[in-house]
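Below is one structure; the comments refer to it alone.
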Amino acid sequence: MNKRNTELFVDINAIENNIGIIKKITSGKKICAVVKANAYGHGDVVVANTLLKNNIEWLAVSSIEEGISLREQGILNARILVMGGNYKDCLKEIIHYKLTPSLFSIDSLLSLAERLNEELLIHLKIDTGMSRLGVKLEDTSELIRIVNSHKSFKVEGVFTHLANADLSNNEKNRVQLETFEIVLAKLKQGGIIPSLIHTANSATILTLDQSYFDMVRPGLLIYGVSPFGNGDEIGLKMSMSWHTKPLQIKKVNKGERVSYEGSWQAEVDSLVAVLPVGYADGYHRLLSNNAFTLVKGMHAPVIGNVCMDHIIVDVTKIPDINCNDEFVLLGKQGEKEITFEQISEWFQTIPYEIMCAISSRVPRVYSN
Ligand SMILES: *Cc1c(COP(=O)(O)O)cnc(C)c1O
């Protein structure tokens, strides 16, 4: 292991496996793979190259900067959809780096229109009920007017995002899709006929094939996690695992306390391991006294408060432990596994947040 004694292992084969599963489920629909937030923490360039090798044409990022960064690191043969951003003053970059902006408001359209004097392929984002980015149904006529009065805009795509996808609450998703259909019909009447309509994220890829249209936008599934916690059943493979080795193993006598504020006290003479991972690495402080690690195929609980750079685990019951033993914070060891779902439960969040919170300080190591 490296000098830091910790690494985030990224399994490229798992990503390829997961792409295969998405292709199968969506019967060969176009895929726009979401690689925002550094590919959910995996490393966007490596993931993007893997996706391209597997014939994915489209990548989606959340900002102009993420798009530029991919281009500058050699991702030239993919279309890149930028899902949001302040486009004012960015036209040069959009054109130079061949990025495809999502225009989500009348203002975002106007901010580009003023300066545009060559053809630009754009995607329009419609707000069908999430009240996040997007043009609302009642503003469709204005949208059509602006698009049609600026001939440089070529509307290639129209899309929306579903707010209740993860609740497998298909009723609410259906209401949003109905609104979306109304907008599409109005656009069509206004002469705007996109070739790429897209709405599906990971959750509706699994639950609602009416959401597929021409292209699907999976994020989480690529990384081997299902929003419904049934990843194993559908053959997904977790593409991330987090490993570390102790810097020190020591005795803590009965009655002695551990870490800041001494929130853990030894009830018996104990043995603890100090691991070089803390909340600055994305190992959340709410995991204090509230999580376990795996070592030698057994559970070793996190004791005391999580520090910025360290956690301390109780290894009293682990036989013959030493500083060369590998601890797993996330992923499999032997028969046992710590899943994203498990950690989410420990500190009341969703797998997404854990995945993209593992900080850049943790070195990424790739399987090939
Ligand atoms: C993040 C994002 C996605 C991907 O969502 P997953 O749930 O990870 O599949 C798709 N579309 C938009 C607009 C997003 O912001």
Discussion item. Give the lysines reachable from Lys254 as a straight Cα distance under 21 Å; neighbours fewer than 8 places away on the same chain don't count.
Written reply: Lys317
Fill in: Full-stretch length increase - Ala185, Glu119 - with 0.36 nm per residue and alpha-carbon distance subtracted
21.3 nm
Response to the item:
Of the accessible area of the chain, computed with a 1.4 Å probe and all protein chains kept, carbon and sulfur make up a percent value of 49 percent
Worksheet item: Mind checking the angle between helix 44-53 and the chain's longest principal axis? C-alpha axes, 0 to 90 degrees, to the nearest 10.
Response: 60 degrees
Item to complete: Just name one of Ile25, Ile146, Ile80: the one whose Cα is farthest towards the positive end of the charge dipole of segment 12-151 (beta-carbon charges, Lys/Arg +1, Asp/Glu -1).
Response: Ile25
Fill in: Anchor Lys24: lysines whose Cα lies under 16 Å away (excluding residues fewer than 8 positions away in-chain)
Lys237
Item to complete: Would you list which aspartates and glutamates come within 12 Å of Lys154, measuring only between C-alpha atoms, while excluding same-chain residues fewer than 8 positions from it?
Response: Glu118, Glu119
Worksheet entry | the chain, dipole about Cα centre (Lys/Arg Cβ +1, Asp/Glu Cβ -1), debye to the nearest 20 | 560 debye
Worksheet item: Averaged per residue, what accessible surface does segment 12-223 expose to a 1.4 Å probe, in Å²?
Response: 42 Å²
Worksheet item: So for the pair Leu247, Glu267, with labels modelled 7 Å out along Cα→Cβ, what separation do we get in nm?
Response: 3.0 nm
Discussion item. Looking at the chain as a GNM with Cα springs under 10 Å, which of Asn173, Asn253, Asn49 has the largest mean-square fluctuation?
Written reply: Asn253
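Give, as a single signed number, the net charge of other residues whose beta carbon lies under 15 Å from the beta carbon of Leu196, with Lys and Arg counted +1 and Asp and Glu -1. The partial results should precede the final answer.
Numbers: positive: Lys29, Lys30, Arg79, Lys125, Lys154, Lys188, Arg217; negative: Glu57, Glu156, Asp214.
Local net charge: +4.
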Item to complete: Over segment 253-293, give the accessible area per residue in Å² for a 1.4 Å probe, as an integer.
Response: 52 Å²
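Tell me, what is the FRET efficiency for Lys23 and Met308 to the nearest 0.05, using R0 = 45 angstrom and their Cβ-Cβ distance as r? Before the final figure, lay out each step's value.
Numbers: r = 42 Å, r/R0 = 0.93.
Calculated transfer efficiency: 0.60.
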Worksheet item: Just from its helices, what would the mean residue ellipticity at 222 nm be for the chain, if runs of 4 or more DSSP H residues each count -39500 (n - 2.57) and the sum is divided by every residue, rounded to the nearest 500 deg cm²/dmol?
Response: -8000 deg cm²/dmol
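Length gain on complete extension for the stretch Gln342 to Lys3, per 0.36 nm per residue less the alpha carbon to alpha carbon distance?
Extra length from Gln342 to Lys3 when fully extended: 119.2 nm.
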Discussion item. I want to check the label-to-label distance for Glu72 and Ile193. Put each point 7 Å from Cα in the C-beta direction and report it in nm to one decimal.
Written reply: 4.1 nm
Item to complete: Evaluate the distance, in nm, between pseudo-label points positioned 7 Å from the Cα of Lys254 and of Lys53 along their respective Cα→Cβ axes.
Response: 5.7 nm
Worksheet item: In whole angstrom, how far apart do the alpha carbon centroids of segment 1-56 and segment 307-349 sit?
Response: 24 Å
Worksheet item: What is the dipole size for segment 51-106, taken about its Cα centre, with +1 at each Lys and Arg Cβ and -1 at each Asp and Glu Cβ, in debye to the nearest 20?
Response: 160 debye
Discussion item. For a test of the definition: using alpha carbon positions, the gyration tensor, and the 1.5 limit on a/c, classify segment 1-103 as rounded, prolate or oblate.
Written reply: oblate
Worksheet item: Rg(Cα) of the chain divided by 2.2 N^0.38 Å?
Response: 1.14
Fill in: Sites Arg145 and Asn290 - FRET efficiency at Förster radius 51 Å, r taken between beta-carbons, to 0.05
0.40
Worksheet item: Distance from the Cα centre of segment 257-301 to that of segment 171-239, in angstrom?
Response: 40 Å
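The values are calculated or read from the model by the stated rules, or taken from the named source; none is laboratory data. Computed from a predicted structure; not experimentally measured. Note that each Cβ is placed from the backbone with ideal geometry, even for glycine, and that neighbours are counted across all protein chains shown. Calculation scope for accessible area: heavy atoms of the full protein, side chains included, ligands and nucleic acids excluded. Shrake-Rupley method; radii C 1.70, N 1.55, O 1.52, S 1.80 Å.
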